[in-house]
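The values are calculated or read from the model by the stated rules, or taken from the named source; none is laboratory data. All values derive from a computational prediction rather than experimental measurement. Don't worry about glycine lacking a Cβ; one is built from the backbone with ideal geometry, like all the others, and counts go over all protein chains shown. With ligands, DNA and RNA removed, areas are computed over all heavy atoms of the protein, side chains included. Shrake-Rupley method; radii C 1.70, N 1.55, O 1.52, S 1.80 Å.
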Amino acid sequence: MAETVSRILQRTDSGLRWEPDLLAARNDVVVMIDCKASMTSRSTGRHAVERAAVKAHQLLAAFYDLPLYYVFDNLGVLTPLDVRGAGRRGPHSTVGSGAPYYLVDAAVDRRFDDIFGTVPARVA
């Protein structure tokens, strides 16, 4: 998506503003991935995910009939349903966008390799 369009969408309520960062494929499986860098507090060990993003991502996953995963900077992986189920509603923040969000303990993360597999070691 063009930078200008993306910037303007950020000021709307459109679900398009939550377009996932990546589409990935392995064998016959295609997934959507939304990268969540810098969304984990080092002091509390919790991820913060904007509630509007979770709602939009659940709708996108249903509409496109593809799984969507959040990948955090610790390589923990959650789905929007995981976030809604394990997260608690955080207060409106005065930092960042100020939007309402879910707080999810990183201890409930799924391991990246368990979801996406590992790359086999190459034999020289």
Subject >> Single residue of 75, 60, 22 found to be at negative phi and touching a helix residue (DSSP H, G or I) at 6+ places or on another chain (Cβ under 9 Å) >> reply: 60
Original post:
Restricting attention to segment 16-39, and to residues there that are within 27 Å of residue 89 (Cα to Cα) and open to solvent by less than 40 Å² (accessible area, probe 1.4 Å), which single residue is farthest from the chain's Cα centre (by Cα)?
Top reply: 31
Subject >> Matching residues, segment 56-65, being surrounded by fewer than 21 Cβ atoms within 10 Å (Cβ to Cβ) and either free of Cβ contacts under 8 Å to residues at least 40 places away in the same chain or in a strand (DSSP E or B) (or both) >> reply: 58, 61, 62, 63, 64, 65
**OP:** Mind listing just one residue for me: the one in segment 1-15 that is surrounded by 12 or more Cβ atoms within 10 Å (Cβ to Cβ) and not in a loop (DSSP other than H, G, I, E, B) and, of those, nearest to the chain's Cα centre (by Cα)?
**Re:** 15
Original post:
Going through segment 3-18 one residue at a time, which ones are out of contact with any His (no Cβ under 7 Å at 6 or more places or on another chain) and closer than 19 Å to residue 55 by Cα?
Top reply: 6, 9, 10, 11, 12, 13, 14, 15, 16, 17
